[in-house]
1. Restricting attention to the stretch 162-177, and to residues there that are without any contact (Cβ under 8 Å) to a residue 60 or more places away in the chain and not in a helix (DSSP H, G or I), which single residue is farthest from P91 (Cα to Cα)?
2. Go over the candidates F164, F210 one by one and state the one that is surrounded by 15 or more Cβ atoms within 10 Å (Cβ to Cβ) and farther than 27 Å from W48 by Cβ.
3. Residues being free of Cβ contacts under 8 Å to residues at least 60 places away in the same chain and either in a loop (DSSP other than H, G, I, E, B) or within 22 Å of S215 (Cα to Cα) (or both): count how many of those fall in the stretch 119-159.
4. Just checking, which of S138, S180, S207 is over 21 Å from F97 (Cβ atoms), touching a Phe, Trp or Tyr at 6+ places or on another chain (Cβ under 9 Å) and polar (S, T, N, Q)?
5. Quick one: is H77 within 26 Å of N134 (Cβ to Cβ), open to solvent by less than 40 Å² (accessible area, probe 1.4 Å) and at pLDDT 95 or above?
6. Pick from the stretch 178-222 the residues that are among the β-branched types (V, I, T) and free of Cβ contacts under 8 Å to residues at least 40 places away in the same chain: which of them is farthest from H160 (Cα to Cα)?
7. Filter the stretch 63-100 down to the residues that are in contact (Cβ under 8 Å) with a residue 24 or more places away in the chain and of a type in the set (F, W, Y) and list them by number.
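The values are calculated or read from the model by the stated rules, or taken from the named source; none is laboratory data. Just so it is clear, the structure is predicted and the values come from calculations on it, not from any experiment. All Cβ positions, glycine included, derive from the backbone under ideal geometry; neighbour counts span all protein chains shown. Ligands, DNA and RNA are stripped out before the accessible areas are found, and what is left, the full protein with its side chains, is counted by its heavy atoms. Shrake-Rupley method; radii C 1.70, N 1.55, O 1.52, S 1.80 Å.
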Amino acid sequence: MSVDIQLHPGWLAPLRVAFDEPHMKTLKAFLLAEKAAGKRILPHGKEWFRALDLTPPDKVRVVILGQDPYHGPGQAHGLCFSVPPGVRPPPSLINIFKELESDVGVLRPRHGLLESWAKQGVLLLNSVLTVEMNRAASHQGRGWERFTDAVIRHVNALDHPVVFLLWGNYAQKKAAFVDSIDRGGRHLVLKSVHPSPLAAHGGFFGSRPFSQTNSFLIRQGQVPIDWTLPALEE
């Protein structure tokens, strides 16, 4: 699959086989046909692999697994749950910020850009990397899921412990094969319901994912994540 992207070299070797799989060629044909039909695909092509570009394998310490990109105009930019500067945080992200404040005392930021987390080793990966504008889940089942499965398998095989934050049944099923500590593996898997308004009160609030993540990283001799989102330049 040839697209105009900036992909960190650390991902190129482990994902080369995945890029060459037949389902990726089928996916490419689908995306080209959608564009030819005048459909607006989100995010921009150069941002499809932004999560991988910002967080190379050797830097991955935490994985937050989303499902699809936001489908509203201007929202998606390649990082799950994140939105670009100037875009109002969607309800699920607002609930993440509420739990962040309750858990570790980080006050709700005035923006929804999570790039600072990604640059510290938090892989903000969606299962599906594109969507048609204003059509939620429109690119599910087209091949992205198998590609992102390969990403998760590679993270699972890393020689250092990683924290997986799996919010909702979809994420939990997708990463069910991860070698978690409770099954004799080395990775910490923290599960809860999804932070969406429909589910958050059923177990996301009070789940303390951010403090648990940092406690684990510290026990492993790693630097904790600074969950504070820096103010953006005006």
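1. My answer is F177.
2. Values: F164 fails: farther than 27 Å from W48 by Cβ.
Criteria check complete, one pass: F210.
3. At the first step, the residues of the stretch 119-159 found to be free of Cβ contacts under 8 Å to residues at least 60 places away in the same chain are 141, 145, 148-149, 153, 156-157, 159.
In the following step, the residues that additionally are either in a loop (DSSP other than H, G, I, E, B) or within 22 Å of S215 (Cα to Cα) (or both) were identified as 141, 156-157, 159.
Qualifying residue count for the region: 4.
4. Exactly one of S138, S180, S207 is over 21 Å from F97 (Cβ atoms), touching a Phe, Trp or Tyr at 6+ places or on another chain (Cβ under 9 Å) and polar (S, T, N, Q), namely S180.
5. Yes, satisfied.
6. Looking at residues that are among the β-branched types (V, I, T) and free of Cβ contacts under 8 Å to residues at least 40 places away in the same chain, I get V193.
7. Y70, F81
Let's see how each residue does on (1) surrounded by fewer than 18 Cβ atoms within 10 Å (Cβ to Cβ); (2) more than 30 Å from L27 (Cβ to Cβ); (3) more than 18 Å from the chain's Cα centre (by Cα):
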residue: D149; (1), (2), (3): yes, no, no
residue: H160; (1), (2), (3): yes, yes, yes
residue: I181; (1), (2), (3): yes, yes, yes
residue: L190; (1), (2), (3): no, yes, no
